[in-house]
1. Can you run phi through the Karplus equation (6.51, -1.76, 1.60; θ = phi - 60°) for the stretch 222-229 and list ³J(HN,Hα) in whole Hz, with x for Gly and Pro?
2. Would you mind putting 179-191, 222-234 in packing order, based on average other-beta-carbon counts within 10 Å, highest first?
3. Short version: ³J(HN,Hα) in whole Hz for each residue of the stretch 42-52, in order, from phi by Karplus 6.51 cos²θ - 1.76 cosθ + 1.60 (θ = phi - 60°), x for Gly and Pro, what are they?
4. So what J values fall out for the stretch 151-158 if you push phi through Karplus, 6.51 cos²θ - 1.76 cosθ + 1.60 with θ = phi - 60°, rounded to Hz, Gly and Pro as x?
5. So if I take the centroid of the Cα atoms in the stretch 54-117 and the same for the stretch 141-169, what is the distance between those two points in Å?
6. Determine, for the chain, the count of lysine pairs separated by eight or more sequence positions (or lying on different chains) whose alpha-carbon distance falls under 19 Å.
7. Taking H as built 1.01 Å from N, whose amide H comes closer than 5 Å to the amide H of residue 138, not counting residues under 5 places away?
8. According to a simple spin-label model (label point 7 Å from Cα along Cα-to-Cβ), what is the distance in nm between residue 159 and residue 94?
Amino acid sequence: MPKPALMGNWKMNSDLSSAVGFVEEFFKHISGIEGKIRELFDVVIFPQFPLIKPIVDSVEAGARWSDLLRVGAQDIQPEDRGAFTGAVNGICLKSVGVSSVIIGHSERRWFFGDSDSLVNAKLSTTINMNFEPVLCIGEPGEIRDKGEQDSFVLAQLETAFDSVKLDSISAISLAYEPVWSIGTGRNATEAEIAPMIELIRGFATKAGFPGGGANLRILYGGSVNPQNASELYSIDGVDGFLVGGASLDALSFSAILDAMAGEGE
Ligand code: PEP
């Protein structure tokens, strides 16, 4: 079973100096509990593409910290190379030290038109290239209002994993992110999250994930912050978080880690 994880999706925020400043600040804040963090969690941030390499370099420059913070990409193009202006392929992501890739975020699906079949192709490439996929799934508000969230999320999972080679999955994160909770300050409750975790685990078993889902962690995402992290993390089956807004500030991001480690209580 992979360790629980805290992942920060920076979206289209930050720049070179604030990104490097984040890394310094983050390590300062976790100094003292770094051993516990190393033992208990994987921590990954997903900056804009041009910031990936400077952040990797700045993490590696501090030998004491180099295994404490990984860097991921917010997207990937499924093809190896070619005429795809504006896109970034896995070969390039590998060359700059990316470990994980977010796929199917609701903002990609909505603003960039990432269709179910494109999500499926991106997932396949990510797994074949041995990145850890962080696949986002979750229903919009109107679907939950109609009580159709289970069939909606199940359909997202089924199309995303259609014909994907599951035996090569070494670690995968599925992030349950109800769209109505992203950036709204309204996190989902235990009553809403717990059945979804059961549904996702059930899917993993039925779909034939290796070891019945032993390599799968299920993250929750949607308005997680230092105040609600401890309660959300105590929900059975929540293996960590994908955090947007609160991941931009090193202090609030590390405070979420504190809460997960039981240090913030
Ligand atoms: C996200 O964008 O994945 C997210 C969970 O955002 P926020 O934490 O800001 O709701």
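Just so it is clear, none of the values below were taken in a lab; they were calculated from the coordinates. Here the structure is a predicted model, which means the values were calculated and not measured. Cβ sites come from the backbone with ideal geometry, for glycine too, and all protein chains shown count toward neighbours.
1. For the stretch 222-229, the Karplus-derived couplings read x, 6, 6, 8, x, 6, 9, 4 Hz, x marking Gly and Pro.
2. On the way: 179-191: 15.9, 222-234: 19.2.
Highest mean packing first, the order is 222-234, 179-191.
3. Working through the residues one at a time gives 9, 10, 9, 10, 10, x, 4, 3, x, 8, 4 Hz.
4. 5, 5, 5, 4, 5, 4, 5, 4
5. For the stretch 54-117 versus the stretch 141-169, the Cα centre distance is 23 Å.
6. Values: 3/36; 11/53; 11/122; 28/36; 53/94; 94/122; 122/165; 165/206.
Summing the qualifying lysine pairs gives 8.
7. 177
8. 2.9
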